[in-house]
Amino acid sequence: MTSRHEIEEKALLTRFQSGDRIAMNLVFQLYHPALIFFANRLLINFDQANAQEVVMDVMLKTFELRETFTSYASIKAFLYISTKNKCVDVIEKEKVRLKRLEKLTNQFEEYDEENILSKIIHTEVLRELSESIELLPEQCRNIMQKLMGGATPKEISEELNISVSTVNSQKARAISILKKTLSNKGMVLLLFYI
């Protein structure tokens, strides 16, 4: 013999499956507080908003899949299992985020203020050097840019179809001009590159 409780559950399931708003609201009211409590227990070190978001996602998914449930008990099982799985996902995402944060923090710790300052100075001197080379006469500029790029005088002479001595004289002319415009650090960097 079927109990009154079973008849009520079957009626609720049928109405829920058909998308009846009252039935959907009833399922929500019956399980929402318990699922929030359950999610909060799983997400111990998280904000309560995380638990609320998890439960809302699960409830929406349950409503989307309402036609697939074969019994009232399957709805209940789905709600709890999905809440647990979503909480595990939240925890795993937080672990990944914390690992990234730790990696980033470790990288910043490697760069003490002196190291960062020296990188800034190097970048500024390189910018000064590039700007000064841009102001050189065309042939000097071309040769200096190629030298800065790592080309040898012989390679430049072959590429530009000029003699090696012309490359060297243009290089000397460029250095002479740059001595007047570059700071000491700029000159040191220039000599490092060429």
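Listing for the model above:
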item: Computed over region 1-77, Kirkwood Rh from alpha-carbon pairs, angstrom; result: 13.3
item: Heavy-atom accessible area per residue - the chain, 1.4 Å, Å²; result: 69
item: Region 4-41 versus region 146-170: alpha-carbon centroid distance in Å; result: 82
item: Cα-projected label distance for Lys84 with Ile44, points at 7 Å along beta-carbon direction, nm; result: 1.7
item: Added length on full extension, which subtracts the Cα-Cα distance from 0.36 nm per residue, Glu53 to Glu131; result: 22.7 nm
item: Using alpha-carbon coordinates, inclination of helix 4-17 to the longest axis of the chain, degrees; result: 40
item: Added length on full extension, which subtracts the Cα-Cα distance from 0.36 nm per residue, Asn106 to Glu9; result: 29.3 nm
item: Listed residue pairs exceeding 31 Å between alpha carbons, taken from Lys99/Lys119; Lys10/Lys61; Lys10/Lys86; Lys10/Lys95; Lys76/Lys103; result: Lys10/Lys95; Lys76/Lys103
item: log₁₀ of I(q)/I(0) at q = 0.09, 0.14 Å⁻¹ - region 1-149, Debye sum with one point per alpha carbon; result: -0.54, -0.80
item: Value of [θ]222 nm, deg cm²/dmol, for the chain, DSSP H segments ≥ 4, -39500 (n - 2.57) each, nearest 500; result: -28000 deg cm²/dmol
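The values are calculated or read from the model by the stated rules, or taken from the named source; none is laboratory data. All of these numbers come straight from a predicted model, not from anything done at the bench. Here the Cβ is made from the backbone with ideal geometry for all residues, glycine too, and neighbour counts use every protein chain on show. Ligands, DNA and RNA are excluded from the accessible area calculation, which covers all protein heavy atoms including side chains. Shrake-Rupley method; radii C 1.70, N 1.55, O 1.52, S 1.80 Å.
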